Amino acid sequence: MTITAAMVKELRELTGAGVMACKKALVETDGDQEAAIEILRKKGEATAVKKSGRIAAEGVVFTAVKDGKAAIVEVNSETDFVAKNEKFQTFVSNVANQILDSDAADIDAFMAEPWALDTTKTVKDELVSQIAVIGENMNIRRFKKIESDGVLASYIHAGGKIGVLVDADAPANDTVVAAIKTVAMQIAAMSPQYVSREDISDEELAKMREITIDSALNDVSSLPKPIQKDIFAEAFASDALNAEDKAVLEEKQNDKYLFNFLSKEAIAALAAIAMSKKEAIMTNKIFNGLVEGRISKQLKEVCLLDQTYVMAADGKQTVKAYLAEVSKEVGATVALKSFVRFETGEGIEKKEEDFAAEVAKQMQ
């Protein structure tokens, strides 16, 4: 029987085995796919395959820093138990150290390069071998490298659940290194998105403003009283509210608990009126002050330098003020350039196991 490229491709997708291994198995079985899968499993070629359908959402983040270079990598496993396994941890450490010297720009390129500890195989080959030995699906999910002539610091939190790299333009002395280490701890705890406001693009700021404006208009209860009264007046003059809600609005419009008495339909109708008056409301100075206040609060949450320093003695000092103190102490500017924060499994949809359903299935 002629073995076509399509047949090899299908078997490879089913098993994850190499192209030549799939072709050879199909030749041996005269194109019988099930028999070919059995051969691949018996040879260990498909050991990782059967597991590859299982979601690897646990794992660890690992960092490596050496000679002005730093790397951070996330390697996933299926269970937290395996993530704590010594063999798994050693493998992740080796991956992080190889990334330090790698020129790979992405995961695909990294997986294709020779494994540093055994150049007869690739990184992907080693991963497959580790899956076979450890017995769970694993995945080198992502990595990031930083090269710097300043100060590089890393921090691992909760046994590898969160990892952080920080790059600072500063003199490399003990005081600065200790300070940047505490900043890395801040990043792990508070999860900022930017170093400073200057790192946010005009497009992102515009989007933030648009979302803030619309969310404010959709929450009429939070709007300034004069704007509320205009919205209420239009609601009375229209058919947006039913008679019962109009009666409640008329009786309790000055009551701070008004919105607890209105129906969900009435609250939605008032929000719709507010949105319809968006252009006019945006010219209101009080409303603009409300919007600016909310944006400022958001920026303090997402910008590292604006965040309250977690170790501040007064509970008020910002990270920016803390670094200014350090700069004064060492007699040189300590400026943060960039940071990377990885949290294990973030963005991965974890599989929910239904134990009762599984037991029922087995009994059937």
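The values are calculated or read from the model by the stated rules, or taken from the named source; none is laboratory data. All values reported here derive from a predicted model rather than from experimental measurement. Methodologically, a virtual Cβ is constructed for each residue, glycine included, from the backbone with ideal geometry; neighbour enumeration extends over all protein chains shown.
Annotations
- Residue among Ala188, Ala105, Ala184, Ala153 that is under 22 Å from the mean Cα position of the chain (by Cα), surrounded by fewer than 15 Cβ atoms within 10 Å (Cβ to Cβ) and within 23 Å of Gly345 (Cα to Cα): Ala105
- Given (1) surrounded by fewer than 19 Cβ atoms within 10 Å (Cβ to Cβ); (2) under 25 Å from Ile213 (Cβ atoms); (3) in contact with a Lys or Arg (Cβ under 9 Å, 6 or more places away or on another chain); (4) not basic (Lys, Arg), index of the condition Thr308 fails: (2)
- Taking the numbered list (1) part of a helix (DSSP H, G or I); (2) in contact with a strand residue (DSSP E or B) (Cβ under 9 Å, 6 or more places away or on another chain) in turn, Ala104 passes all entries but (1).
- Of the residues contained in region 343-350, one or more are found to be under 30 Å from Ile140 (Cα atoms), part of a strand (DSSP E or B) and not assigned by TED's automatic domain parsing to the domain that holds Ile162.
- When the residues of region 220-273 are filtered to those that are β-branched (Val, Ile, Thr) and closer than 26 Å to Gly293 by Cβ, the one that is nearest to the chain's Cα centre (by Cα) is Val220.
- The residues on offer are Val133, Val95, Val177, and the sole one that is surrounded by 20 or more Cβ atoms within 10 Å (Cβ to Cβ) and among the β-branched types (Val, Ile, Thr) is Val95.
- In region 68-92, residue surrounded by the most Cβ atoms within 10 Å (Cβ to Cβ) [restricted to those that are of a type in the set (D, E, K, R), at pLDDT below 95 and not in a helix (DSSP H, G or I)]: Glu78
- So Lys337, is it at pLDDT 95 or above, closer than 26 Å to Lys145 by Cα, in a strand (DSSP E or B) and not small (Gly, Ala, Ser): yes
- Matching helices (runs of 4 or more DSSP H) fully within region 170-288 where at least 3 residues are farther than 19 Å from Phe339 by Cβ and free of Cβ contacts under 8 Å to residues at least 40 places away in the same chain: 202-217, 225-236, 243-252, 258-261, 264-276
- Any hit, region 156-166, residues being of a type outside the set (Ser, Thr, Tyr) and more than 20 Å from Glu74 (Cβ to Cβ): no
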